[in-house]
Each structure stands twice: as C-alpha cells, then as structure tokens.
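Asker: Can you read through this structure? Questions will come right after.
The values are calculated or read from the model by the stated rules, or taken from the named source; none is laboratory data. Only a predicted model underlies this, so the values are computations on that prediction, with no experimental measurement involved. Don't worry about glycine lacking a Cβ; one is built from the backbone with ideal geometry, like all the others, and counts go over all protein chains shown.
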Amino acid sequence: MSKYYYLISGLPSLSFDGERLDYRLADFKSDFYPFLSDDDKMIVDLFFLQYDNANVLKLLKSADSAIERVGNYSPEVLSEYISSLKEGDVISSDKFPSYLSAFILDYLSSSVEDDVYHENQLTASYYAYAMMCKNHFVSLWFELNLNMNNILLALTARKYQQDVASLIVGNTDVCMALRTSKARDFGLSDDVDAMDRLIRISEMENLLERERAIDLFRWDWLEEHTFFNVFSIERLFAFLQQVAITERWSLLDKENGKKMLNGVIAKLRSEIEIPVES
C-alpha cells in the first residue's frame, strides 16, 4: 500500500465549520493525482465518477447541455461515447465502467421520461459498482452513503404517509429492511451505526439545517475512519470528499446558493409529496 507522506503533509487544512478555502476539486487533479500509484488512481476515479454520472444524464437529455469538467471524461469524450452506444458499438469496460454503459443503453431504450427515476437508477448502479472496490474503507464509504440516503428518504416518506418500498434504491440488507419493516427504526438500530442520529436529522423541519446535518454526519464519519490512516490513499480520498462538501457550502455565500438549495428541496419534493409551506 502506497504512503503519501509528502503529498499529505502539503494538504490544506479543512474544517467543517471553519473558513471556506479557495481550494477546488480541479486543483487536486493537477496537484496530487499525477503522483498517485495506478491502483490508487482507480480509487480516486471512483470519486470523480459521480460527476461523470451527472454529465451523462445531462447529455442524454440534451446533447447541448453545459456540463461539469471536473469528472474523469471530457464533454467531447462523453458525447462520442454516447453516440457509439447509440450506433450499437461494443465499449470495453477498460475504457468506461460497465454500469455506465448498461445505464445508457437502458436509458436509450426506455419510454420512461421521469428524471428522478433515471437519476435513482444510475445512482443505485454507481453505488453497487463502487461498493465492489477492494479497498475496504472506500467500499464502506459508498455503502454508508447508499444506506444513509435510503434511510433518510424512508423516514421522510413514512412521515408524509408515502409508500416507502417504491422509493428505496439498491439491494443491500439495509435496503431490504427499509422496504419491509414496520418498526420505528426499521429494525436497523443494531445494524446501522448512528441510526438514532439519522432519525434526529430526518425530524429537522428546516431543510437547510437538515442538509447541513447530513454533511456534518459524513464529515464526522470520514474523520473517525481515517484517524489512524494519516498518510494513506484513504486520507486522500477523505480529503476529496471534504473538499466536495466545502465547495458545496461555499456556494451558499454566493448568488447561486439559493438556487442550489431550491434544487435540493425540489428534488426531495419530487420524490415525496411534501406539503408546501404557506
């Protein structure tokens, strides 16, 4: 396992409630990525695939969409990739992850026009793919996020008397419990760390405070699980996740911050029939 003493010693200091640094994910690509081992680059690529997923969804909806350039693939490469699949070409899994090719083919043949449905399907496929990572910490991180997102969605759906089972994505044991259990905690308190904390988060009425509490939960988990892995790829991976969190919240200090928050609220309401406040 590679150790990155020099690289990690040079990382900027981040804190959840601290001053927002002018450091971006794109900086990591130039400052650190070239110095990683090939195996560790694959782990970092898993992180950046979330942006490729979002870009693919945009390009499938409209070929002229403006997309993020922080992912693993350029807009030109993704557009050519989609076109090749449309034409029936076989794409090697060495070039693009198999889950992404399968999703694009399903999307192209689907008659469903629900954006949330397609996003959920891609998210489930992405997490399933990432959870197969041989790095235990990284695999646990993706499982945590899949389970956490499902738990919070299930608790909110139950609160507003919506069907829970139809909203859950993925096939973990936690997913199965959420689809079937009628218990207050879905019978998960003994299996899911911090289940009580997630229940308290779900009960927050202020959606901005709720989003902040979710990201703080993620932040605390990363800090706890990398405490003894100071100079490892796990610490670099955690740093990437924390930069993404600080980037997200730095938007709230700018004009588009309200737009971002409205997008979060709109997505939640599109999945669950939450009453609009008068």
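Asker: Exactly one of these conditions fails for L85: (1) without any contact (Cβ under 8 Å) to a residue 24 or more places away in the chain; (2) within 30 Å of N229 (Cα to Cα). Give me its number.
Answerer: All conditions are met except number (2).
Per-residue answers, yes or no, for (1) at pLDDT 95 or above; (2) over 20 Å from F137 (Cα atoms); (3) touching a Pro at 6+ places or on another chain (Cβ under 9 Å); (4) not basic (K, R):
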{"position": "F16", "(1), (2), (3), (4)": "no, yes, no, yes"}
{"position": "L21", "(1), (2), (3), (4)": "no, yes, yes, yes"}
{"position": "P34", "(1), (2), (3), (4)": "no, yes, no, yes"}
{"position": "L49", "(1), (2), (3), (4)": "yes, no, yes, yes"}
{"position": "N53", "(1), (2), (3), (4)": "yes, yes, no, yes"}
{"position": "S65", "(1), (2), (3), (4)": "no, yes, yes, yes"}
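Asker: Now for a separate question. Pick from Y160, Y126, Y107, Y99: which is buried (at least 18 other Cβ atoms within 10 Å of the Cβ) and in contact with a Pro (Cβ under 9 Å, 6 or more places away or on another chain)?
Answerer: Unique residue meeting the criteria: Y126.
Asker: Here is a further query. Can you find even one residue in the stretch 166-182 that is touching a His at 6+ places or on another chain (Cβ under 8 Å) and aliphatic (A, V, I, L, M)? It would help to see each step written out before you state the result.
Answerer: To start, the set of residues in the stretch 166-182 that are touching a His at 6+ places or on another chain (Cβ under 8 Å) comprises none.
No - not one qualifying residue is present in the stretch 166-182.
Asker: Out of the residues in the stretch 138-160 meeting the condition of being closer than 15 Å to A238 by Cβ and among the aromatic types (F, W, Y), tell me which one is farthest from the chain's Cα centre (by Cα).
Answerer: Here the answer is W141.
Asker: Among the numbered conditions (1) farther than 23 Å from L240 by Cα; (2) surrounded by 13 or more Cβ atoms within 10 Å (Cβ to Cβ); (3) of a type in the set (D, E, K, R), tell me where E143 comes up short.
Answerer: (1)
Asker: Starting from residues that are more than 28 Å from E76 (Cα to Cα) and polar (S, T, N, Q), keep the ones in the stretch 1-44 and report whichever is surrounded by the fewest Cβ atoms within 10 Å (Cβ to Cβ).
Answerer: S13
Asker: Given the residues R210, R248, R184, which is the only one that is of a type outside the set (G, A, S) and either surrounded by 15 or more Cβ atoms within 10 Å (Cβ to Cβ) or touching a strand residue (DSSP E or B) at 6+ places or on another chain (Cβ under 9 Å) (or both)?
Answerer: Values: R248 fails: either surrounded by 15 or more Cβ atoms within 10 Å (Cβ to Cβ) or touching a strand residue (DSSP E or B) at 6+ places or on another chain (Cβ under 9 Å) (or both); R184 fails: either surrounded by 15 or more Cβ atoms within 10 Å (Cβ to Cβ) or touching a strand residue (DSSP E or B) at 6+ places or on another chain (Cβ under 9 Å) (or both).
Within the list R210, R248, R184, the selection yields R210.
Asker: Starting from residues that are of a type in the set (A, V, I, L, M) and out of contact with any Phe, Trp or Tyr (no Cβ under 8 Å at 6 or more places or on another chain), keep the ones in the stretch 63-77 and report whichever is surrounded by the fewest Cβ atoms within 10 Å (Cβ to Cβ).
Answerer: Filtering the stretch 63-77 for residues of a type in the set (A, V, I, L, M) gives 63, 66-67, 70, 77.
Then drop every residue that is not out of contact with any Phe, Trp or Tyr (no Cβ under 8 Å at 6 or more places or on another chain), which leaves 63, 66-67, 77.
Numbers: A63: 11, A66: 9, I67: 19, V77: 14.
Once the filter is applied, the top-ranked residue is A66.
Asker: Pick out, from the stretch 84-160, the helices (runs of 4 or more DSSP H) lying fully within it that include 2 or more residues that are at pLDDT below 90.
Answerer: Those helices (runs of 4 or more DSSP H) span 115-130.
Asker: For the stretch 162-209, which residues satisfy the criterion of being in contact with a helix residue (DSSP H, G or I) (Cβ under 6 Å, 6 or more places away or on another chain) and without any contact (Cβ under 8 Å) to a residue 24 or more places away in the chain?
Answerer: V164, A165, I168, R179, D185, G187, S189, M204
Asker: Does any residue of the stretch 54-72 turn out to be under 23 Å from I233 (Cβ atoms) and part of a helix (DSSP H, G or I)?
Answerer: Applying the first criterion (under 23 Å from I233 (Cβ atoms)) to the stretch 54-72 yields 70-72.
With the extra rule that they be part of a helix (DSSP H, G or I), the set shrinks to none.
Checked against the condition, which is being under 23 Å from I233 (Cβ atoms) and part of a helix (DSSP H, G or I), the stretch 54-72 yields no hits at all.
Asker: To continue, here is another question. Kindly check whether there is at least one residue in the stretch 45-62 that is without any contact (Cβ under 8 Å) to a residue 60 or more places away in the chain, hydrophobic (A, V, I, L, M, F, W, C) and either loosely packed, with under 14 Cβ neighbours inside 10 Å or touching a Lys or Arg at 6+ places or on another chain (Cβ under 6 Å) (or both).
Answerer: No, the stretch 45-62 contains no residue that is without any contact (Cβ under 8 Å) to a residue 60 or more places away in the chain, hydrophobic (A, V, I, L, M, F, W, C) and either loosely packed, with under 14 Cβ neighbours inside 10 Å or touching a Lys or Arg at 6+ places or on another chain (Cβ under 6 Å) (or both).
Asker: Looking at the stretch 161-192, which of the residues that are hydrophobic (A, V, I, L, M, F, W, C) and under 20 Å from the mean Cα position of the chain (by Cα) is modelled with the lowest pLDDT?
Answerer: Looking at the filtered set, the residue picked out is V192.
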